[in-house]
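What follows is calculated from the coordinates using simple rules that are stated; it is not laboratory data. Here the structure is a predicted model, which means the values were calculated and not measured. In this analysis, Cβ positions are derived from the backbone assuming ideal geometry, glycine residues included, and neighbour counts consider all displayed protein chains.
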Amino acid sequence: MNSSAPSAAERFSRALLMVPELRDVEAVIRATFNSDVIPMREIPEYLLSLGGKRIRPALTLLCARALGAQTISPMLLDIAAGIELIHMATLMHDDIIDQSPVRRHMPSPYKRYGTPLTLLSGDFLLTRAFGLCAKLDDRVIQETEQACIELVEGEALETPLHTQQHSVETSITIAERKTASLFRLAAFCAAHLTGASAEVIRDMSAFGQSLGVAFQMIDDILDVTSDEQTLGKRPGLDIAERKPSIVNMLWLKSGSSEAQRLLTPPGGTDDPDYVERSLATLKDSDVINEAKLLASSYAERARTSLQTATQHNPATNEQFVMSLQAVIEFALERLR
Ligand code: FPP
Ligand code: MG
């Protein structure tokens, strides 16, 4: 490769710079934290301060600009902020459900503020998000409801492997519901609020959906192949928690005898090195290669849907289409 060509990460950073309105989204998000009950301000502020790629609001703004939005309207700012607030609420609840003590190198909100107040601040943020979405039209309200229902269903389906029969297919269903639903909502709202045709809205939504599945699969792969420094938490949590992650399901499907222990309840003390040993076995394995191929196939689907949507849209702005392609490539580059 030409060494002067920008990496996918650099192209992703440049894509973000093309939507400076992300700062305004952040301001809308912060404005919703107001409450005279201090923890309802402090806990969301803490989670926000842990940082993050803000991929969902970025997607909303980039999709709108790619479809020809000349400016980022207050409606787009509201929905981009609303989607990030929903995401923040799910993270607060998810860390409690997963009993995951660390997020982005720092104590998870529930570790710092306790479970009751963290649960409540998730509820607080979800309600604030609905306040923002409900300012918009019925379609946005309906699609937001649908995405939130899928988030909850996806999380409810994610039971440990010893309690229920899981498969590669159920793992994909979980990824579609718990992660892709919000990506789809972001792309849908952008297309809908930009006045795109029904076909373009459908194809942009499909783009968001496939990109979301790819993102979740990449997260599942990184849980095995990455390190604590990069992940911001211990690797191997999906193995420790016996989750139906795509890697675990492909490992079980491969017929490996070592994988069978995934079917026992989490927290057993008879084989304390299981996670470490599994990580060593899985890194650079065929299972990981297969998971990478599957994630890439969803990224490819995202690319195709983006192309179909933007080709059939009269006001398409190619520069922003390229920035959305950079988002897809950035996701995949995390695997290299
Ligand atoms: C993170 O998965 C979790 C999700 C993407 C969805 C969580 C959904 C809920 C908790 C349902 C509640 C819904 C609402 C609307 C409040 P992960 O554990 O794989 O990711 P992580 O590594 O970031 O923890
Ligand atoms: Mg989690």
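Things worth noting here:
- Convex hull (Cα only) mean projected area of the chain, reported in nm² to one decimal: 17.1
- Extension gain (nm, one decimal) between residue 296 and residue 264, 0.36 nm per residue minus Cα-Cα: 8.5 nm
- Helix-only [θ]222 nm of the chain, DSSP H runs n ≥ 4, -39500 (n - 2.57) each, per residue, nearest 500: -22000 deg cm²/dmol
- Peptide packing for 188-197, 309-318, 217-226 was compared via the average number of neighbouring C-beta atoms within 10 Å per residue; ordered from the highest value, the list is 188-197, 217-226, 309-318.
- Comparing 118, 163, 144 in a Gaussian network model of the chain, where Cα atoms under 10 Å apart are tied by springs, the biggest mean-square fluctuation is seen for 163.
- Positive end of the dipole of the chain (Cβ unit charges, origin at the Cα centre): among 295, 46, 194, the Cα lying farthest that way belongs to 194.
- Above-threshold pairs, the threshold being 26 Å between Cα atoms, out of 135/243; 111/292; 53/253; 111/283; 111/253; 243/292: 135/243; 111/292; 53/253; 111/283; 111/253
- Shape index of the stretch 43-161: Rg/Rh, with Rg the Cα radius of gyration and Rh the Kirkwood radius from the inverse mean 1/r over Cα pairs, equals 1.00.
- Value of relative contact order over the stretch 156-275, rounded to a whole percent, pairs C-alpha under 8 Å and six or more apart: 33
- The stretch 12-95 shape via C-alpha gyration tensor axes, a/c threshold 1.5: prolate
- Listed residue (206, 281, 245) projecting farthest to the positive dipole end of the stretch 203-336, Cβ model: 206
- The mean sequence distance of close C-alpha pairs (under 8 Å, at least 6 residues apart), as a share of the length of the chain, puts its relative contact order at 23 percent.
- Under the span-like rule (Cα at least 24 Å along the axis, Kyte-Doolittle mean at least -1.0), DSSP H helices of the chain: 74-98, 115-133, 138-157, 198-225, 286-311
- Whole-Å distance, taken between Cα centres, linking the stretch 13-74 and the stretch 127-143: 16
- Based on alpha carbons, the Rg and Dmax found for the stretch 135-195 are 14.1, 47 Å.
- Interchain or long-range residues, amide H under 5 Å from residue 102's placed H: 108
- Stretching residue 97 away from residue 141 to a fully extended chain increases their span by 13.2 nm, per 0.36 nm per residue minus the current alpha-carbon distance.
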